[in-house]
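The values are calculated or read from the model by the stated rules, or taken from the named source; none is laboratory data. The shown structure was predicted, so the numbers you read here are calculated from the model rather than taken from an experiment. All Cβ positions, glycine included, derive from the backbone under ideal geometry; neighbour counts span all protein chains shown.
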Amino acid sequence: MADKQNIQWFPGHMTKAIRKIKESLRMVDMVAEIVDARLPNSSRNPDIDRLIKSKPRILLLNKSDMANPNVTKMWVKYFKSKNITAVPVDCKSGRGVNRIMPTVMEIMKPRLEKWQESGMTGRSIKIMVVGIPNVGKSSLINKLAGKTRARAEDRPGVTRGNQWYTLEDNIELLDTPGVLWPKFDDPEVGEKLAFSGAVKDQILDIELLAVRLLEVLAKSQNQQFIERFKLQNEDLSEYTPYELLELIGKKRGMLVSGGEIDTERAANVLIDEYRGGKLGRVSLELPPRE
Ligand code: G4P
């Protein structure tokens, strides 16, 4: 799967994206990096720290409505230990979005004071939004900018096509200038991105993916999963993940001619229900142990 993704991402693409981001970084005071709260590590661009360097940053753990809140708390703590301020948000409903600007102000405080001292009053804070595809960048901008229309970049000598939004509180938001890629070289990362829906199904073996997801769900004894598939009376540890997939198909009456279980259909249903948030709030990765 990682190879398939690589087809669309040859070094030329990466060079171009890096160039665009570097150019835009010079124009902003701060970066809002957005990741998927269910997989904050796998949904990050592997080169982002090197790119952003010491530019102030807020990390938005988006889709926190779908992640286990206790695990999300662990991630916030983990990032804090790395000197990164992370804020869980849900850009679909808007929950947590109102915490973004106060946190931005807090992070920018030392710079704002410097600006004040040097007489740069009224200077706006320019923030660039970055993230890999599907993490919710457009949703975030919609929530923050609302009906504000983007204005085309008109400053001389600047990359064309940059989209700026002027928000209240003297803040200007720059829509992501280029598409960032996830970590291709790690198949586990590819799998997690696929669970989350960030990678297209056509390039995946859906049954293999379902089996992997079942490993996670069975291990975490996820109650919503157990109830949804009526597995209350089963000892999940007695089943291999593939047998669990068959059991799910059987429980849902998914049979093909000859009475065989339609595991492909069962896999599709399981993945769809996970992506739709129907199996509860499941985080796919824990912070690394230090
Ligand atoms: P992108 O610009 O980074 O590519 O992401 P985008 O905002 O397009 O969001 C990708 C998908 O994730 C969208 O779903 C969007 O609704 C969903 N999404 C974004 N933020 C959140 C969140 O905080 N919680 C949840 N549960 N979902 C979120 P879609 O199925 O592609 O479109 P639609 O459902 O909006 O029609």
Answer yes or no: is there a residue in segment 67-88 that is assigned to a loop (DSSP other than H, G, I, E, B), in contact with a strand residue (DSSP E or B) (Cβ under 7 Å, 6 or more places away or on another chain), touching a residue at least 40 places away in the same chain (Cβ under 8 Å) and not small (Gly, Ala, Ser).
no
Give segment 77-94 a look and list any residue that's out of contact with any Phe, Trp or Tyr (no Cβ under 9 Å at 6 or more places or on another chain), closer than 13 Å to Ile58 by Cβ and within 16 Å of the ligand (Cβ to nearest atom), or say none.
Val87, Val89
Output the number of residues of segment 163-185 satisfying the condition of being more than 16 Å from the ligand (Cβ to nearest atom), part of a loop (DSSP other than H, G, I, E, B) and either assigned by TED's automatic domain parsing to the domain that holds Asn134 or at pLDDT 85 or above (or both).
4
Report, by residue number, each residue of segment 95-123 that is surrounded by 14 or more Cβ atoms within 10 Å (Cβ to Cβ), away from the ligand (no atom under 16 Å from the Cβ) and assigned to a loop (DSSP other than H, G, I, E, B).
Arg123
Met66: under 26 Å from Phe184 (Cα atoms), near the ligand (Cβ under 9 Å from one of its atoms) and not β-branched (Val, Ile, Thr), yes or no?
yes
Checking Pro56, Pro46, Pro88, Pro69 in turn, the sole residue that is within 13 Å of Gly131 (Cα to Cα) and not hydrophobic (A, V, I, L, M, F, W, C) turns out to be Pro46
Answer from Val199, Val189 - the residue that is crowded, with 18+ Cβ neighbours inside 10 Å and not in a loop (DSSP other than H, G, I, E, B):
Val189
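Suppose we keep only residues that are among the hydrophobic types (A, V, I, L, M, F, W, C) and part of a strand (DSSP E or B) within segment 124-140. Which one would you say is farthest from the ligand (Cβ to nearest atom)?
Within segment 124-140, the match that is farthest from the ligand (Cβ to nearest atom) is Ile125.
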